[in-house]
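Have a look at this one before I ask anything.
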Amino acid sequence: MSREFEHALLTTLRRARSIAVLTGAGVSAESGIPTFRDAQTGLWARFRPEDLATPEAFERDPKLVWEWYAWRRDVVAKAAPNAGHAALARLATLVPELALITQNVDGLHQRAGSRDVIELHGNIHRSRCVRENTVVESWADTGDLPPRCPRCGALLRPDVVWFGEMLPAAALERAEAAARGCDVFFSVGTSAAVYPAAHLPLVARDAGATVIEVNKDPTRISNAVTYVLRGPSGEILPQLLAAAWPG
Ligand code: OAD
């Protein structure tokens, strides 16, 4: 069943010169990757974030944290990008300017063909030295968990943002500039619960952009956006692109 979209929405998309997209865990849900806050299946349903995704947790039990991320890397490796990721990769070919901003660390946007992805929370496939704060591509497999930096011997950690940590400044600046300068801002598959990412749709709205939320459930910004497209992003995004850019 192809969904009906408002004529004004389709016209706005066709006329857009600059589109910014913020994605969250919901865009990867149809790839089988658990989200954070979905009650039953969410990651936080089984683990407590403060036990795993904080500098204190890593300080307390680096092996546990490293192994949790190794498990998540394995889940992601077995997953494939879904039609929502593919639609966002295609969107970049349909508009003059697209900024794809993600809170996800799974790298599925890149695997779907999106380029220049703005990763606000890092990437689970990268590791970095806790002392040098530099990305480490390879290391000797000594059986140590976490492994150690080949240069200085300090522990390696996932190159992701943990609770209480600052976001990569360059990524955040690019995301904020994109939100301020776009004609259309999509908020896809995010509960808009975590700042500063959750602020971006409101920055776009206040700068005059048309804001579109694609989410299977209401969120705390649903009342603040221009259009709410309720449903799974893996279905809505391909249908929206087909309706706006037929043929
Ligand atoms: P959440 O788990 O908080 O929210 C996922 C959102 O996606 C919810 O609003 C769901 O309703 C929606 N959703 C689930 N399946 C969907 C589908 N198939 N199509 C569309 N929407 C769907 O995940 P995030 O909003 O990404 O931060 O969480 C933001 C941040 O909180 C994460 O990046 C992480 C977490 O703490 C850090 O790790 C720093």
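The values are calculated or read from the model by the stated rules, or taken from the named source; none is laboratory data. Just so you know, these numbers come straight off a predicted model, no measurement behind them. For neighbour counting, all protein chains shown are included, and Cβ atoms are generated from backbone atoms with ideal geometry for every residue, glycine included.
I need the full set of residues from the range 151-165 which are among the hydrophobic types (A, V, I, L, M, F, W, C) and within 16 Å of the chain's Cα centre (by Cα), in order please. Step through it out loud before you land on a result.
The initial filter retains those residues of the range 151-165 that are among the hydrophobic types (A, V, I, L, M, F, W, C), namely 152, 154-156, 160-163.
Answer for the range 151-165, where residues must be among the hydrophobic types (A, V, I, L, M, F, W, C) and within 16 Å of the chain's Cα centre (by Cα): Val160, Val161, Trp162, Phe163.
Sticking with this structure for a sec: Considering only residues of the range 178-196 that are of a type in the set (Gly, Ala, Ser) and not in a strand (DSSP E or B), which is farthest from the chain's Cα centre (by Cα)? Step through it out loud before you land on a result.
Step one: of the range 178-196, the residues of a type in the set (Gly, Ala, Ser) are 178-179, 181, 187, 189, 191-193.
After this cut, where a residue has to be not in a strand (DSSP E or B) as well, the list is 178-179, 181, 189, 191-193.
Values: Ala178: 15, Ala179: 15, Gly181: 20, Gly189: 9, Ser191: 11, Ala192: 11, Ala193: 13 Å.
Among residues in the range 178-196 that are of a type in the set (Gly, Ala, Ser) and not in a strand (DSSP E or B), the one farthest from the chain's Cα centre (by Cα) is Gly181.
Just need a number here: residues in the range 61-82 that are crowded, with 18+ Cβ neighbours inside 10 Å and part of a helix (DSSP H, G or I). I'd like the intermediate steps shown before the answer.
Step one: list which residues in the range 61-82 are crowded, with 18+ Cβ neighbours inside 10 Å, which gives 65-66, 68-69, 72, 76, 81-82.
With the extra rule that they be part of a helix (DSSP H, G or I), the set shrinks to 65-66, 68-69, 72, 76.
Going through the range 61-82 one residue at a time, the tally reaches 6.
Can you go through Ala170, Ala140 and tell me which one is modelled with pLDDT under 95 and surrounded by fewer than 13 Cβ atoms within 10 Å (Cβ to Cβ)?
Numbers: Ala170 fails: modelled with pLDDT under 95.
So the residue among Ala170, Ala140 that is modelled with pLDDT under 95 and surrounded by fewer than 13 Cβ atoms within 10 Å (Cβ to Cβ) is Ala140.
Now for a separate question. Kindly indicate the residue of the range 197-217 that is in contact (Cβ under 8 Å) with a residue 60 or more places away in the chain and in a loop (DSSP other than H, G, I, E, B) and also farthest from the ligand (Cβ to nearest atom) among those meeting that condition.
So, considering only residues that are in contact (Cβ under 8 Å) with a residue 60 or more places away in the chain and in a loop (DSSP other than H, G, I, E, B), the one farthest from the ligand (Cβ to nearest atom) is Ala209.
Which of the residues belonging to the range 138-161 are hydrophobic (A, V, I, L, M, F, W, C) and within 13 Å of Trp66 (Cβ to Cβ)?
So in the range 138-161, the residues hydrophobic (A, V, I, L, M, F, W, C) come out as 139-140, 145, 149, 152, 154-156, 160-161.
Scanning the range 138-161 gives Trp139, Leu145, Leu155, Leu156, Val160.
Separate question: Which is farther than 19 Å from Ala89 by Cα, of a type in the set (Gly, Ala, Ser) and either at pLDDT 95 or above or within 18 Å of the chain's Cα centre (by Cα) (or both), of Gly234, Gly208? Please lay out each step first, then the result.
Numbers: Gly234 fails: farther than 19 Å from Ala89 by Cα.
Result of the check over Gly234, Gly208: Gly208.
Right, next: Would you tally the residues in the range 89-115 being within 16 Å of Val160 (Cβ to Cβ), in contact with a Ser or Thr (Cβ under 7 Å, 6 or more places away or on another chain) and outside any strand (DSSP E or B)? Lay out the reasoning, then the answer.
Initially, the range 89-115 is screened for residues within 16 Å of Val160 (Cβ to Cβ), giving 101-110.
Keeping just the survivors that are in contact with a Ser or Thr (Cβ under 7 Å, 6 or more places away or on another chain) gives 102-104, 106, 108-109.
Filter once more, so that each one left must be outside any strand (DSSP E or B): 103-104, 106, 108-109.
Summing the residues that are within 16 Å of Val160 (Cβ to Cβ), in contact with a Ser or Thr (Cβ under 7 Å, 6 or more places away or on another chain) and outside any strand (DSSP E or B) in the range 89-115 gives 5.
Could you list all residues from the range 30-60 that are modelled with pLDDT under 90, within 12 Å of the ligand (Cβ to nearest atom), among the acidic types (Asp, Glu) and surrounded by 14 or more Cβ atoms within 10 Å (Cβ to Cβ)?
Selection gives Asp38 alone.
Still on this structure, I have one more. Please verify whether the range 7-23 includes one or more residues that are within 26 Å of Thr226 (Cβ to Cβ), in a loop (DSSP other than H, G, I, E, B) and at pLDDT 80 or above.
yes
Looking at Ala99, Ala77, which is the one that is touching a helix residue (DSSP H, G or I) at 6+ places or on another chain (Cβ under 7 Å), over 23 Å from Gly247 (Cβ atoms) and more than 15 Å from the ligand (Cβ to nearest atom)? If you could, list the steps in order and put the result at the bottom.
Details: Ala77 fails: touching a helix residue (DSSP H, G or I) at 6+ places or on another chain (Cβ under 7 Å).
When all the criteria are applied, what remains is Ala99.
A further question on this structure: Among (1) more than 21 Å from Cys182 (Cα to Cα); (2) assigned to a helix (DSSP H, G or I); (3) in contact (Cβ under 8 Å) with a residue 60 or more places away in the chain, where does Ala45 come up short?
It fails just one condition, (3).
Could you check Leu237 against (1) surrounded by 18 or more Cβ atoms within 10 Å (Cβ to Cβ); (2) within 18 Å of Phe36 (Cβ to Cβ); (3) among the aliphatic types (A, V, I, L, M) and say which number it fails?
(2)
Against the condition within 9 Å of the ligand (Cβ to nearest atom) and at pLDDT 95 or above, how does Asn223 come out, does it pass?
Details: within 9 Å of the ligand (Cβ to nearest atom): no; at pLDDT 95 or above: yes.
Here the answer is no, as Asn223 does not meet what is asked.
I've got another one for you. How many of the residues in the range 135-177 are more than 16 Å from the ligand (Cβ to nearest atom), assigned to a helix (DSSP H, G or I) and touching a helix residue (DSSP H, G or I) at 6+ places or on another chain (Cβ under 8 Å)? Break it down into steps so the answer makes sense when it comes.
From the range 135-177, those more than 16 Å from the ligand (Cβ to nearest atom) are 135-156, 170, 173-174, 176-177; that's our starting set.
Filter again for assigned to a helix (DSSP H, G or I), leaving 170, 173-174, 176-177.
Now restrict to residues that are touching a helix residue (DSSP H, G or I) at 6+ places or on another chain (Cβ under 8 Å): 176.
The number of residues fulfilling the criteria is 1.
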